[in-house]
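These notes are about the structure you will find just below.
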Amino acid sequence: MPTYLFEKINPRVYTERKKDFLMRHILLYSHAVLPRQALAGEIRALGIADEVVETDDFAAACDAMGREKFSALIFDEPTEEQRQTLAQNNGGAPLFYLLSRAVEAPEALIYQKPFRLPVLLTAIIAAAARFEQSDDSAVMIGLWKFSFSAKTLSFETTEIRLTEKEAALLDYLHRKAAPVDRETLLRDIWGYGEGISTHTLETHIYRLRQKLENTGLTFTAGGSDGYKLVC
């Protein structure tokens, strides 16, 4: 199974998206040499990051994270034990898992193979921008202060903690004036292609609704009109 689907990419698109913040190095871990080199080559060629630190050694990857601050961390097929380590020791940097099967990993953004390369690259830039500009990333949603980087909603002394995907979903819908359909959310947040049968979105909407109870924030129902955040 291919790691990702090749498409013609316009470098200017990615240059424009990252011109307003400093992208530090990206860490890329994978045992698969050719896919790793291909992905790193695309990132370098498009100017998304100044450098991509490549490794096929998990211990070396962890050591690098301890020495250097990365804008994004990309791990290809990490084991369950490795994911547990990363959940506790990622330095707060955006964490991406490239996986051949779906797993529960709230600490990371998961892209299931094969995925569209432009979708992954756009997500890396967006997540890195939020991480690098975390002091300015907090926004007001209703009466609540939303911090994407900290994955929290806060009001006075109350704080609600969100998972990575819950924060991404809330951030995405907050920036959209019109309802967003199910397929678009699965594509832009989870990187799923068309025709994927999954209850991932519905599960996250349900859990997020529970956390938002009594906040004055909620979502319109799904269906043909899609989802919309209501403040």
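The values are calculated or read from the model by the stated rules, or taken from the named source; none is laboratory data. Predicted model only: the values in this text are computed from it and were never measured. Neighbour counts run over all protein chains shown; Cβ positions are idealised from the backbone, glycine included.
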Restricting attention to the stretch 129-169, the residues that are among the small types (Gly, Ala, Ser), modelled with pLDDT under 85 and in a helix (DSSP H, G or I) number exactly 3
Scan the stretch 212-221 residue by residue and report those that are surrounded by fewer than 16 Cβ atoms within 10 Å (Cβ to Cβ) and in contact with a helix residue (DSSP H, G or I) (Cβ under 9 Å, 6 or more places away or on another chain).
Thr218
Does any residue of the stretch 118-127 turn out to be assigned by TED's automatic domain parsing to the domain that holds His204 and not in a strand (DSSP E or B)?
no
Taking only the stretch 155-197 into account, find how many residues are surrounded by 13 or more Cβ atoms within 10 Å (Cβ to Cβ), of a type outside the set (Asp, Glu) and within 23 Å of Ala87 (Cβ to Cβ).
13
Can you name the residue in the stretch 70-80 that is of a type outside the set (Phe, Trp, Tyr) and in a loop (DSSP other than H, G, I, E, B) and is also farthest from Tyr29 (Cα to Cα) among such residues?
Ser71
Top-ranked residue of the stretch 39-72 - restricted to ones that are within 21 Å of the chain's Cα centre (by Cα) and surrounded by fewer than 16 Cβ atoms within 10 Å (Cβ to Cβ), ranked as farthest from Leu86 (Cα to Cα)
Gly47
For the stretch 81-89, state whether one or more residues are touching a residue at least 40 places away in the same chain (Cβ under 8 Å), part of a loop (DSSP other than H, G, I, E, B) and not acidic (Asp, Glu).
no
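Of these, Tyr172, Tyr192, which one is part of a loop (DSSP other than H, G, I, E, B) and hydroxyl-bearing (Ser, Thr, Tyr)?
Tyr192
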How many residues are under 23 Å from Arg116 (Cα atoms) and touching an Asp or Glu at 6+ places or on another chain (Cβ under 8 Å) if we restrict to the stretch 84-96?
1
Scan the stretch 53-92 for residues that are more than 16 Å from Thr122 (Cα to Cα) and hydrophobic (A, V, I, L, M, F, W, C) and jot them down.
Val53, Phe58, Ala59, Ala60, Ala61, Cys62, Ala64, Met65, Phe70, Phe75, Leu86, Ala87
Among residues of the stretch 175-189 being assigned to a helix (DSSP H, G or I) and in contact (Cβ under 8 Å) with a residue 12 or more places away in the chain, the residue nearest to the chain's Cα centre (by Cα) is Ile189
